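Encoded as structure tokens, the structure appears first; notes follow it.
The values are calculated or read from the model by the stated rules, or taken from the named source; none is laboratory data. Not measured: the values here are computed from a predicted model. Note that each Cβ is placed from the backbone with ideal geometry, even for glycine, and that neighbours are counted across all protein chains shown. Accessible surface areas use protein heavy atoms only, side chains included; no ligands, DNA or RNA. Shrake-Rupley method; radii C 1.70, N 1.55, O 1.52, S 1.80 Å.
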Amino acid sequence: MRALFCLIFYPHKSVLQIKNEKFAPIYFTIVILTPLEIILLSILAFGLLVQLYYVLFVHLKLARVGIEEVPLSARKPISVIVCARNEIVNLEQYLPSLFGQNYPEFEVVVVNDRSWDGTEEFLEQLEKKYSNLKVVKILDNDKFIAGKKFAVTMGIKAAKYDWLVFTDADCTPASEHWLMDMQQPADENTEIVLGYSPYMKKRSLLNALIRFETFFTAVNYLSFALKGMPYMGVGRNMAYKKSLFLKIKALQRTCISHLVTTIYL
């Protein structure tokens, strides 16, 4: 009985060919890998499996999530906090859009963080136009260095309402329903809400890379939050309770006081 296949081995090429004698010239080539190549391919396969796990069991949670609609009677007032340092151009372009939000009751707290570019004069004019605008002014002080965290803290302390929504001076809402989506959920136990803040689209390779990185980062932190393992958020679109912030600050002061007392003793 005539064999239909024969094996051809080329030692100097590390290739094994199976030749079909009946239906020539069909060949089946099997590449014989070296130990190093096997290790590298195993690492690649492991990486692909890990990535597949995150796609199927982590990222897909984000695709199935829905925003819970809060009843009109349960909607609570909101304080929007914006910190600005020499942001006159962005404030003139984007700040007025915050006052056009379709939400029953809210205020906008703008922290003027030691600006000298005309921000103060612009905010004074805006205060005359919008009654729900509150301006907090931080002056230069040689005794300490005030960064953005200090400005955020001053804005939080000046806020009238417990539910705080944060954004930046160079950001604009995607629609007039932004605050409706970022409002406090009906579940009182929810203390933090994370949002997505993409970059504006421009025609450049750098902008495309930045937008992709921003999108991929958001997919990760939002998916992990839904999985019950939150690890980050972006300050230009997030919300949390003022009472939560004050509680954590009080706890930090207690820990620091206890540490100083322990060292002193």
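Averaging Cα coordinates gives a centre for the stretch 130-171 and one for the stretch 186-233; these two points are 23 Å apart. Rounded, prolate or oblate, given the Cα gyration tensor of the stretch 90-212, with a/c below 1.5 counting as rounded? Note, shape of the stretch 90-212 comes out rounded.
Overall shape: oblate for the stretch 98-156, with the ratio a/c of the largest to smallest alpha carbon gyration tensor axis at 1.5 or above and b/c at least equal to a/b. Of D117, D140, the order by accessible heavy-atom surface (1.4 Å probe, DNA, RNA and ligands excluded), from most exposed downward, is D140, D117.
Split the accessible area of the stretch 145-223 by element, probe 1.4 Å, and carbon with sulfur accounts for 61%. When +1 charges are put on Lys and Arg Cβ atoms and -1 charges on Asp and Glu Cβ atoms, the dipole computed for the stretch 53-103 relative to its Cα centre reaches about 220 debye. Which loop chymotrypsin sites (Phe, Trp or Tyr not before Pro) in the stretch 41-139, with loop taken from DSSP, have no more than 13 other Cβ atoms within 10 angstrom of their Cβ? Of the chymotrypsin sites (Phe, Trp or Tyr not before Pro), the ones in loops of the stretch 41-139 whose Cβ has at most 13 other Cβ atoms within 10 Å are W116. For the stretch 133-203, a crude dipole built from +1 on the beta carbon of Lys and Arg and -1 on the beta carbon of Asp and Glu, taken about the Cα centre, is about 460 debye to the nearest 20.
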